[in-house]
C-alpha cells in the first residue's frame, strides 16, 4: 500500500511539474519578440514607420523595484511629420512599461 501511494505521489508531481513548467520558467523573451509585442500595442494609436531595439537587456529601477528591460524606439508618421518615441519593454513578458517622445 505504501509503495502505491509513493508511486501515485511521484506521478502527480511529474504531471503537475510538466504543466506548471511554462508558468514558472524565468526565461526571457527575445528582443525581436518584445519589439513585435510593443509594435502591436502601439499600432492601435500610431502609424509605425520604423523601429529598433537594443539586443542587450539593462536593469532599471521603478518605484524601488529593479526590472530588467529592453530599450528601443519607434518612429511614427503624423500629419506634421515623423515623431520618435523611446520605450522600455519587460524582458520576461515583452510588456510595454514606458513610452515617451524622444
| Degrees separating the helix 2-24 axis from the principal Cα axis of the chain, which is the longest one | 0 degrees
| task | Work out how far the C-alpha atoms of the chain reach from end to end along every principal axis, then list the three figures in whole Å, largest first. | result | 78, 29, 22
| remark: If one compares the long axis through the Cα atoms of helix 31-42 with the longest principal axis of the Cα atoms of the chain, the angle in degrees, nearest 10, works out at 60 degrees
| request: Could you calculate the contour length gain from residue 65 to residue 48, that is, 0.36 nm times the residue separation minus the distance between their Cα atoms, to one decimal place in nm? | output: 3.0 nm
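Taken together, the values in this text are just the output of simple stated rules run on the coordinates, not laboratory data. Here the structure is a predicted model, which means the values were calculated and not measured.
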